[in-house]
1. For region 157-177, how many residues are away from the ligand (no atom under 15 Å from the Cβ), surrounded by 14 or more Cβ atoms within 10 Å (Cβ to Cβ) and not in a loop (DSSP other than H, G, I, E, B)?
2. Pick from ALA410, ALA465, ALA450: which is out of contact with any Gly (no Cβ under 7 Å at 6 or more places or on another chain), surrounded by fewer than 19 Cβ atoms within 10 Å (Cβ to Cβ) and modelled with pLDDT of 95 or more?
3. Looking at region 234-249 only, could you name the residues that are under 20 Å from ASP268 (Cβ atoms) and either surrounded by 23 or more Cβ atoms within 10 Å (Cβ to Cβ) or near the ligand (Cβ under 10 Å from one of its atoms) (or both)?
4. Considering only residues that are under 30 Å from ASN56 (Cα atoms), part of a loop (DSSP other than H, G, I, E, B), in contact with a Phe, Trp or Tyr (Cβ under 8 Å, 6 or more places away or on another chain) and not small (Gly, Ala, Ser), which ones fall in region 98-130?
5. When the residues of region 471-486 are narrowed to those that are touching a Phe, Trp or Tyr at 6+ places or on another chain (Cβ under 6 Å) and near the ligand (Cβ under 9 Å from one of its atoms), which ends up nearest to ILE206 (Cα to Cα)?
6. Counting residues that are within 16 Å of the ligand (Cβ to nearest atom), which strands (runs of 3 or more DSSP E) fully inside region 404-466 reach at least 3?
7. So the check is Cβ under 9 Å with 6+ separation or different chains; which pairs have a first residue in region 229-244 that's over 18 Å from ASP210 (Cβ atoms) and in contact (Cβ under 8 Å) with a residue 40 or more places away in the chain and a second one that's in a strand (DSSP E or B) and aliphatic (A, V, I, L, M)?
8. State whether one or more residues within region 178-185 are out of contact with any Gly (no Cβ under 6 Å at 6 or more places or on another chain), away from the ligand (no atom under 16 Å from the Cβ) and among the small types (Gly, Ala, Ser).
Amino acid sequence: MYRTHTCGELNAKQIGQTVTLSGWAQTIRNKGKMIWVDLRDRYGITQLVFEEGKTNACVWENVKKIGREFVVQVSGKVIERYTKNPNLPTGEIEIQVETLTILNASDIPPFTIEDNTDGGEELRAKYRYLDLRRPVMQKNIYLRHRVTKLVRDYMDGQQFAEIETPYLIKSTPEGARDFVVPSRLHAGNFYALPQSPQTFKQLLMIGGYDRYFQIVKCFRDEDFRADRQPEFTQIDCEMSFVEQEDILQMFEGLMQFVIKEVTGKQLDKFPRIPFEKAMAIYGTDKPDLRFDLPITDLTEIIKGRNFNVFDSAEYIGGIIVPGQAEISRKIIDGLTDYVKTPQVGAKGMVYLKYNGDGSFKSSIDKFYSPEDWQKISSQIGMNSGDILFILSGNRTETLTALGRLRIHLAEHFALINENDFAPLWVTDFPLYEWDEEAQRYNAMHHPFTAPKAEDVGLFETNPAAMHANAYDMVLNGMEIGGGSIRIHDAEVQKKMFRTLNLAEDEINEKFGFIINAFKYGAPPHGGIAFGLDRIVAILAGTSYIRDVIAFPKNNAGRDLMLDSPSEISKEQLDELSLVIKKENSVEK
Ligand code: ASP
């Protein structure tokens with residue numbers, strides 16, 4: 001038997017017992033006559049003690065051979081520790097070792113296997129199996145297991161069936177590029193890896209499986225962006241005979257359940273904010289509601305004082321930060337520099353201080369009198385002691401810039417409570433978005449999303465005005481899920497594709513199978529998919545999904561451990577009838 005106990009469970013109650021433990025030697029402290037080893041496994045750390053003269057001579061010789069990360073098995077007596085460690089569950093005891101077996105040696109690890117490791121990102125990625133030994137990583141990976149288990153419990157309790165769908169498929173339209181897999185047996189033909197199981201889950205509804213879910217890998221070949229993974233995991237769900245309301249309730253329940261089980265916190269009913277309102281008040285369709293700082297529309301209020309920048313602007317908006325009128329010029333300059341960075345893109349920023357003594361100070365006092373400011377501030381509910389930051393320009397761009405500024409201000413003034421959970425639904429998305437570059441409409445969600453019933457007549461006349469039965473779940477400023485009620489009528493589906501500028505033969509070639517299926521009694525249906533990685537990351541309190549994925553790729557989409565993607569042999573290429581052109585590689 002390799003062990004009678006784990007390294008995390010022994011305490012004063014077991015004093016006097018003889019036990020056997022197995023694990024990794026985390027640290028070895030050799031004080032000449034005494035040697036202490038911290039033995040680590042999944043469950044914790046237990047201190048081992050060896051003493052010259054007292055410990056069996058053979059064991060004493062052996063312990064001196066142990067290095068960091070050696071795998072060892074020991075037996076010995078649980079004794080009370082002389083200096084106790086109250087921070088460790090096993091901190092009251094240590095093991096007086098009687099027998100020691102080195103189960104496996106280890107090279108010196110390239111970084112320390114501790115939460116505060118000295119290993120950099122790259123090194124840890126290359127030796128991911130060592131990184132995974134670190135307690136913080138273990139915590140994250142077990143949390144992930146726990147979350148998936150809770151999801152399965154909830155879904156099972158609601159009569160959902162987990163059904164697998166294939167990975168080798170044909171393109172699915174989620175708006176990203178497909179990863180493709182060449183077919184050896186059908187030279188020149190390719191499978192695509194699913195960007196999501198979207199079409200399959202709809203076919204399952206047509207197949208009569210009215211509550212489906214799947215914890216499933218999805219693949220999207222997108223340009224590299226921080227914290228994007230080319231393969232990621234969705235909690236993918238679909239239901240038949242439902243309206244939007246049924247779905248919102250079902251999946252609000254899922255998130256409430258998971259968060260309650262993991263954190264003990266019972267979340268209230270999720271607020272619902274229509275897309276337009278979210279954009280107008282928070283400058284984003286994924287607002288962080290852990291703090292307030294709404295955007296105020298000043299367009300009609302502030303124009304007409306001969307300040308050309310404002311008078312010529314399509315939109316003027318501001319954010320009041322309560323109680324911060326005292327901040328220094330230097331801080332304001334810093335905030336102004338921030339809005340001018342490319343990621344925000346504003347040309348400049350106007351500020352207005354409503355001082356504690358009732359006076360006003362702004363960067364455009366040439367154009368506005370104290371009476372003007374008095375009027376404006378009372379119209380927008382600004383109090384003495386507050387400061388207002390104003391951006392102006394094109395409406396959409398300015399709102400987006402204000403959205404970024406809003407988050408920056410919250411961070412700067414420490415208004416975010418990291419332990420809060422602020423979920424919401426964003427609803428009533430536009431059905432289409434205009435693609436300026438391609439000069440055509442794209443589906444804002446995906447082309448299977450049903451328009452609002454009252455907008456169905458607008459396909460031919462005014463697609464831009466159509467709204468969708470689509471919804472996103474947002475948590476702490478991150479989109480964690482999104483879905484829609486689907487089109488289940490073959491004719492409506494065709495109209496949708498036509499508006500997307502797909503030619504008839506293209507529609508048939510790409511989506512004939514699903515349009516055809518709609519002809520055989522497709523039930524009304526809808527669903528949602530959640531980003532599992534992101535949900536676990538939020539619950540783990542990390543900003544990086546790679547921290548909650550056992551074997552992630554780096555930001556350039558590479559697996560540094562496997563050194564993948566990599567070239568394949570000439571024979572393999574020939575077998576697949578492929579010829580390689582190198583010009584397109586990002587590495588060139
Ligand atoms: N398939 C969609 C996605 O991956 C989710 C859904 O509409 O259910 O975003």
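1. 1
2. Values: ALA410 fails: surrounded by fewer than 19 Cβ atoms within 10 Å (Cβ to Cβ); ALA450 fails: surrounded by fewer than 19 Cβ atoms within 10 Å (Cβ to Cβ).
Answer to the check: ALA465.
3. ILE247 - this is the single residue of region 234-249 that is under 20 Å from ASP268 (Cβ atoms) and either surrounded by 23 or more Cβ atoms within 10 Å (Cβ to Cβ) or near the ligand (Cβ under 10 Å from one of its atoms) (or both).
4. Listed by number, the residues that qualify are PRO109, ILE113.
5. ARG486
6. On the way: elements: 423-427, 432-435, 440-443.
So the answer is 423-427.
7. THR233/ILE215; THR233/VAL216; GLN234/ILE215; GLN234/VAL216; GLN234/ALA529
8. Here is the first cut: in region 178-185, the residues out of contact with any Gly (no Cβ under 6 Å at 6 or more places or on another chain) are 178-185.
Those still in the list that are away from the ligand (no atom under 16 Å from the Cβ) too: 180-185.
Those still in the list that are among the small types (Gly, Ala, Ser) too: 183.
Within region 178-185, one or more residues are out of contact with any Gly (no Cβ under 6 Å at 6 or more places or on another chain), away from the ligand (no atom under 16 Å from the Cβ) and among the small types (Gly, Ala, Ser).
The values are calculated or read from the model by the stated rules, or taken from the named source; none is laboratory data. Keep in mind that this is a model prediction, so the values were computed, not measured. Positions of Cβ are backbone-derived with ideal geometry, glycine not excepted, and every protein chain shown enters the neighbour counts.
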